[in-house]
1. Would you mind finding the one in Val64, Val39 that is touching a residue at least 12 places away in the same chain (Cβ under 8 Å), more than 30 Å from Arg185 (Cβ to Cβ) and surrounded by 13 or more Cβ atoms within 10 Å (Cβ to Cβ)?
2. Somewhere in the stretch 162-177, is a residue over 17 Å from the mean Cα position of the chain (by Cα), within 16 Å of ligand 2 (Cβ to nearest atom) and open to solvent by less than 10 Å² (accessible area, probe 1.4 Å)?
3. Quick one: would you say Ala7 is more than 10 Å from ligand 2 (Cβ to nearest atom) and either assigned to a helix (DSSP H, G or I) or open to solvent by 70 Å² or more (accessible area, probe 1.4 Å) (or both)?
4. Could you give me the residue pairs with C-beta distances under 7 Å whose first residue belongs to the stretch 176-195 and is closer than 13 Å to Leu145 by Cα, whose second residue is assigned to a helix (DSSP H, G or I) and at pLDDT 95 or above wherever it lies, and which are 6+ apart or on separate chains?
5. Does Arg260 satisfy the criteria of being under 18 Å from Ser320 (Cα atoms) and either modelled with pLDDT under 95 or among the charged types (D, E, K, R) (or both)?
6. If you go through the stretch 220-279, how many residues are touching a residue at least 60 places away in the same chain (Cβ under 8 Å) and aromatic (Phe, Trp, Tyr)?
7. Could you tell me which of the residues Ile72, Ile80 is aliphatic (A, V, I, L, M), within 12 Å of ligand 2 (Cβ to nearest atom) and either within 16 Å of Ile35 (Cβ to Cβ) or not in a helix (DSSP H, G or I) (or both)?
8. Condition test on Leu206, is it within 16 Å of ligand 2 (Cβ to nearest atom) and over 14 Å from the mean Cα position of the chain (by Cα)?
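The values are calculated or read from the model by the stated rules, or taken from the named source; none is laboratory data. Because the structure is a prediction, the values reported are computed rather than measured. Using ideal geometry, Cβ is built from the backbone for each residue, glycine included, and neighbour counts are taken over all protein chains shown. Protein only, heavy atoms only, side chains kept; ligands, DNA and RNA dropped before computing areas. Shrake-Rupley method; radii C 1.70, N 1.55, O 1.52, S 1.80 Å.
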Amino acid sequence: MAGYFYARIFLNNPGIRDMFPVTMDVQRARLLGAIVTAVQSVDDPDRFDEYLRSLGRDHRKFQVVPEHYEVIGAALLEAIRTFAGPEWSHEYEQAWRDAYDVIARKMLSGATADSNPAWWHAEVVAHERRSRDIAVLTVRPFQQLEYRAGQYLSVEVPKFHPRVWRTYSVANAPRTDNTMDLHVRALGAGWVSGALVRRVQAGDLLRLAAPMGTMVLDRRSTRDIVFVAGGTGLSPIKALLEDLTTFNRTRWVHVFFGARDRDDLYDLGSLQALAAAYPWLSIVPVCSDDPGWGGEEGTVTDALNRFGPWMEHDFFVSGSPNMVRSTLRCLTQLKVPQTRVRYDAFSDH
Ligand SMILES: Cc1cc2nc3c(=O)[nH]c(=O)nc-3n(C[C@H](O)[C@H](O)[C@H](O)COP(=O)(O)OP(=O)(O)OC[C@H]3O[C@@H](n4cnc5c(N)ncnc54)[C@H](O)[C@@H]3O)c2cc1C
Ligand code: HEM
């Protein structure tokens, strides 16, 4: 169905092909899957209004204009109609059309309301390999880019993979020199992460877009905080820690930093330096596959279970989808109210 959907779009409007990555086999169903999910969630406006508005803002990086929404909507309906089988009816057709229109309108209104540039050109000013497959990059956008500590950005590496965008969290609170750090792990045959870790060098140019995400600090909360990070999931947590150093005096803060082995604890030194400077901060590194390494062993959830109690804390969780899922499960078992848990899972779904 995805093949048919894209064929409809590109055959009728060849110009649109240039907006998409050169090779589309890796994530063929990315856009189609996203639209179907959005349509099926249209009855939940509380949850999706802001998401759709920010998705519309984000789509400015693809240079989407209002007419494109009509093209995509028509291709969607044609694809569904073709593959739905005999049960398809006028009512279904109208329902999908209405839902798509609502979504498109929300995305377009988000896009028009945004006064920021559609993207920022940025230079890589430093590139440091920290482990087998992790690098820390410092990038400087040529124009001011406003974001909040804890948010993430879309990143494109035009030199190696034009028009392929992935999201990466900013690893620092906003700085006066406008630079920002990205912590990237190269994932298997992953396109963008592989390029960022293994090929990009200082002096290369990236494009950045659309700061997003709600994993930010609630300054009104007086509760102590637990940060749970898996691998480069540390990135937004580092930014939140830096943010805390500007105002926190009263809240105890614990960081559980999980990795496979000590090599993957790529930023432990700087976390320990922060903990030495701020008495309210304690760091618990945890390795799952490095017996006798000298610290906590097991998964971060094993370690969380060994410490505590945690019922009165604010939680922030960041890492791979598996790590986030198992941590959320553990927090539910520990009776932490869901309203106190914020998280970023490193997946698009
Ligand atoms: C909100 C958010 C924040 C994030 N922040 C960070 C961050 O701070 N740091 C970070 O490192 N990551 C972060 N990520 C993850 C990041 O966005 C990317 O998903 C990740 O880097 C992989 O992108 P890629 O292009 O390298 O991999 P892709 O090319 O998208 O591949 C993804 C996976 O599929 C596998 N794969 C690739 N090609 C194939 C194929 N042909 N067949 C089968 N499998 C294949 C790859 O090996 C990889 O495991 C974040 C994600 C989200 C959603
Ligand atoms: C209801 C309308 C739409 C929804 C819900 C939607 C949603 C999404 C989502 C969630 C993604 C993946 C996240 C990302 O890469 O930022 C995506 C990717 C993309 N969208 Fe949309 N989108 C819509 C309409 C459009 C339109 C009208 C265009 C213009 C042609 C468009 C062009 C793209 C492109 C080029 C990508 C990148 C695809 C890739 O990397 O393979 N989208 N869309």
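1. On the way: Val64 fails: more than 30 Å from Arg185 (Cβ to Cβ).
Going through Val64, Val39 in turn, just one is touching a residue at least 12 places away in the same chain (Cβ under 8 Å), more than 30 Å from Arg185 (Cβ to Cβ) and surrounded by 13 or more Cβ atoms within 10 Å (Cβ to Cβ): Val39.
2. Start the filter on the stretch 162-177 by keeping residues that are over 17 Å from the mean Cα position of the chain (by Cα), which leaves 162-163, 174-177.
Keeping just the survivors that are within 16 Å of ligand 2 (Cβ to nearest atom) gives 162-163.
Checking the rest, the ones that are also open to solvent by less than 10 Å² (accessible area, probe 1.4 Å) come to none.
Checking the stretch 162-177: not a single residue is over 17 Å from the mean Cα position of the chain (by Cα), within 16 Å of ligand 2 (Cβ to nearest atom) and open to solvent by less than 10 Å² (accessible area, probe 1.4 Å).
3. For Ala7, the condition - more than 10 Å from ligand 2 (Cβ to nearest atom) and either assigned to a helix (DSSP H, G or I) or open to solvent by 70 Å² or more (accessible area, probe 1.4 Å) (or both) - is met.
4. Pairs found: none.
5. Values: under 18 Å from Ser320 (Cα atoms): yes; either modelled with pLDDT under 95 or among the charged types (D, E, K, R) (or both): yes.
Considered against the rule, which asks whether it is under 18 Å from Ser320 (Cα atoms) and either modelled with pLDDT under 95 or among the charged types (D, E, K, R) (or both), Arg260 comes out as yes.
6. So the count comes out to 2.
7. Values: Ile80 fails: within 12 Å of ligand 2 (Cβ to nearest atom).
Answer to the selection: Ile72.
8. Details: within 16 Å of ligand 2 (Cβ to nearest atom): yes; over 14 Å from the mean Cα position of the chain (by Cα): yes.
Considered against the rule, which asks whether it is within 16 Å of ligand 2 (Cβ to nearest atom) and over 14 Å from the mean Cα position of the chain (by Cα), Leu206 comes out as yes.
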